[in-house]
Structure formats: structure tokens, C-alpha cells
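The values are calculated or read from the model by the stated rules, or taken from the named source; none is laboratory data. Note that the structure is a prediction, hence the values are computed from the model and not measured. In this analysis, Cβ positions are derived from the backbone assuming ideal geometry, glycine residues included, and neighbour counts consider all displayed protein chains. These area figures cover heavy atoms from the full protein model, side chains too; ligands, DNA and RNA do not enter into them. Shrake-Rupley method; radii C 1.70, N 1.55, O 1.52, S 1.80 Å.
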Amino acid sequence: MPLRRAGRVLFEGFSMTRLKNVSALFLGLGLAAGLAACAPAGTTSSDGEGGVECNVGISMPTRSLERWINDGEGLKEKLEARDCTVDLQYADDKTDQQISQIQNQVAGGAQILVVAAIDGETLGPVLEDAKEQGRTIIAYDRLINGTEAVDYYATFDNYLVGQLQGQFIEEQLGLADGEGPYNLEPFAGSPDDNNAAFFFGGAWDVLQPYVESGQLVVPSGKAPATSEDWASIGILGWGSADAQAEMDNRLQSFYTGGEKVDVVLSPNDSLALGIEASLEAAGYQPGTDWPLITGQDGDVANIKAMLGDRQSMTVWKDTRELGAQVDTMISQIVAGEEVGVNDTETYDNEVKVVPTYILEPQVVTKDQVEPVLVESGFVDASDVGL
């Protein structure tokens, strides 16, 4: 099924121009809070008066990725500091478990649900049941598709995440200046994650012209013909071990004659870890023949990898900002106020355009670890060996 955004099919014949314009717009505006639009608070009474109890159910997909632990615990801490009741659950990447946990949160009195979906296509019925009982639903980082029940969405510009990865590769390899050919191995994220399509689409819009020109060569043949075909190279569940196994297979099948991988498009840090482990096992060495590798999230293990010259960059999404924005949205809902958003046109979940607050990611490289990640308090210097 084609991914839709603002009523337009995306990743079908490269219909991405509008997304590029959206990304450029947010870069230019700097996401100024004063420009934020407003949407009616989803749980106010029908006459618009009053708010709701601050009783919040947070549903996170898994504890297996560092970022979701940080997201869940960080938001819980903010809410509890305001004397909210909070039920934080992790679903172990099992959709049935997430559905059951949401049902239990509603039964337990949660008035506001914050949901980072495992599978953005399957939560419609349980959220519609919650909506019928007067709950307000915020989709967290991942859009939930196919339902009217989603009131708000808070996320980073995920197409821009991919663009930043693609542009980093373009700049580092000198592709715009005609350099090449280079051997590229592209990876994509979990096919059940709505964001994975945006990550890959943003990167592939930058890189595919160089594949077509021959400046980037994909020896494995795993180069999707269009952005819509991204799931054909997706790693289900974002597993590091699965990414390692896939990279092992590519190296053993397509790099047996002395060829070397020059660059790997990895959409996030967990896949990058597996890819890096595979390369190390195959004898690649930092400083000699180690390829350029992208990532996303700024996980501690990957920050260490960057400092050790095993990963070239990560696209950092400061999830503390995302948590703070969701905390603000919840406080507005509780007070019966209009909820601040800065996008009411872009995120079409196939049933409605969901009012959204978009935050901006940024590239971090080895030289920026200390001034950006450490000095901002995102990580402790001692945790990454500084």
C-alpha cells in the first residue's frame, strides 16, 4: 500500500517534491513556537468547557532499543513532576501485547493515551474503542494509520532524517562533483514502522540519481527501483542481529573477488551496530578500508562507534524535546485549552490529516559529540569514554 501524506501518494514514482518543500520550510522557520497553529483539545466537553484528569497511559513499543527506554522514562518523569498519574508500558515488539496494554490502561482510568505504535496499521480498533470512551490519543513519533481516533501527532521531520543521511553521503563522497564509482549497500527499517518509509524516501531521493548514473554501484542488487519499494530491503523489528545477518549474506555472496564496501546507508543506530559487527568480522578495519556508515538516534554504543571511527554520523533527534512537547500538549488537554501544533496539512493517515507538532533533527559527527551531545546533557562524557 502506498504511503500517503496530506492526501497525496508518496514513494510512487518519486512524488516527494512537496516533502522537500516541507522540510525546507521547517529549516527556515526554525520551528518557532510563536508560529504554531492550534487545534481543539480532543477531550474537552462538547461545549468546549473544562479539561480532564491528568491520568496518562504511555505505550512504548520495546525496551530492546535504548531510545524507547529514554523516551518513555523521560516523559513519565515530566508528567509525574506535575502530579499526573502515569502508567508506562513496553510491549516487547508484540502488537497483541500493545493492544492488551492499551485496553488495560483505558480500563485503569487513563484519560490520555500516548502511543508509539509497533505496527501503525493495526491499532485502529483498540484506539477507536478508547475514543468512544472519551479518551484523547496522541501518536508519539510514529503515525498511526487508518483511524479517526488519533487526535494529535508529535514527531520529528522523518523525511528530513533520510535527506540528511543521503546528503551526508553525497557530500562526503563528492558525488555532486562527479566522484565515483563507489560500492553502496542500502538498508531500510522495519516494514511495519510508518517512519521507515520516510527515512528511506528522504535518503533515496538524494542517492538514487547517483545509482542511476553509475556513481553509486550496489553489488548486492538490493537497490529499490523506487522509494515505494523500500520494504523489500527492510529489517523487520529494527534488529541489530538481523542487520548483521543480512550484511554477512551480502558480503559472502557479492564481495568474494576482492571488492570492498565503500558506503552503507543505515537508517538508524541499531541497524548500524549489526552492520558494523558484520564488517569487523569480515576483516574491515577503521582507518584503512572501513566504509562510511550512517545512523540515527545517538545511542551510547553508536556514539562510541563514532569516536572509534566505526560509524561516520548519526542523525540526532533530541527526544527530550519530543517528550517536552508531548508534555505541553497533555497539559493543554488537561486544562481544556487549544493544543499547539505547527502542521495541519502534512500527515494524512488515510482517514484524516492529523494535527501535528514537528521537531527538527540534526547531524552529529565525531567532532560534534562533545559540544553537542555531552554539553547538552544528552549523554555523560564518562558513558562514551570521554
Determine whether residue 125 is open to solvent by 50 Å² or more (accessible area, probe 1.4 Å), free of Cβ contacts under 8 Å to residues at least 40 places away in the same chain and either of a type in the set (A, V, I, L, M) or closer than 25 Å to residue 275 by Cβ (or both). no
Confirm whether residue 309 is in contact with a Lys or Arg (Cβ under 8 Å, 6 or more places away or on another chain), assigned to a helix (DSSP H, G or I) and either open to solvent by less than 20 Å² (accessible area, probe 1.4 Å) or of a type in the set (D, E, K, R) (or both). no
So which residues in segment 243-291 are among the polar types (S, T, N, Q) and within 17 Å of residue 166 (Cβ to Cβ)? 266, 268
Look through segment 167-195, keep the residues that are among the acidic types (Asp, Glu) and either modelled with pLDDT of 95 or more or more than 19 Å from the chain's Cα centre (by Cα) (or both), and return whichever of them is least open to solvent (accessible area, probe 1.4 Å). 185
Take residue 168 and tell me if it is hydrophobic (A, V, I, L, M, F, W, C), assigned to a helix (DSSP H, G or I), farther than 23 Å from residue 260 by Cβ and in the same structural domain as residue 264 (by the TED database). no
Would you pick out the residues in segment 71-97 that are open to solvent by 70 Å² or more (accessible area, probe 1.4 Å), touching a residue at least 12 places away in the same chain (Cβ under 8 Å) and closer than 24 Å to residue 237 by Cα? 73, 92, 94
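Per-residue answers, yes or no, for (1) within 24 Å of residue 344 (Cβ to Cβ); (2) within 22 Å of the chain's Cα centre (by Cα); (3) of a type in the set (Lys, Arg):
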site	(1), (2), (3)
152	yes, yes, no
165	no, yes, no
197	yes, yes, no
212	no, no, no
227	no, yes, no
230	no, yes, no
244	no, yes, no
Those residues of segment 327-386 which are free of Cβ contacts under 8 Å to residues at least 24 places away in the same chain, surrounded by fewer than 18 Cβ atoms within 10 Å (Cβ to Cβ) and among the aliphatic types (A, V, I, L, M) amount to 381
Look through segment 361-377, keep the residues that are among the aliphatic types (A, V, I, L, M) and within 21 Å of the chain's Cα centre (by Cα), and return whichever of them is nearest to residue 154 (Cα to Cα). 363
Just to be sure, is residue 275 crowded, with 22+ Cβ neighbours inside 10 Å, at pLDDT 95 or above and over 15 Å from residue 302 (Cβ atoms)? no
Quick one: in segment 233-264, of everything that is at pLDDT below 95 and under 23 Å from residue 65 (Cβ atoms), which residue is surrounded by the fewest Cβ atoms within 10 Å (Cβ to Cβ)? 236
Checking the structure you have, find out if any residue of segment 24-38 is under 27 Å from residue 336 (Cα atoms), open to solvent by 30 Å² or more (accessible area, probe 1.4 Å) and at pLDDT 50 or above. yes
Count, please, the residues in segment 196-226 that happen to be surrounded by fewer than 19 Cβ atoms within 10 Å (Cβ to Cβ), in contact with a strand residue (DSSP E or B) (Cβ under 9 Å, 6 or more places away or on another chain) and within 30 Å of residue 122 (Cα to Cα). 1
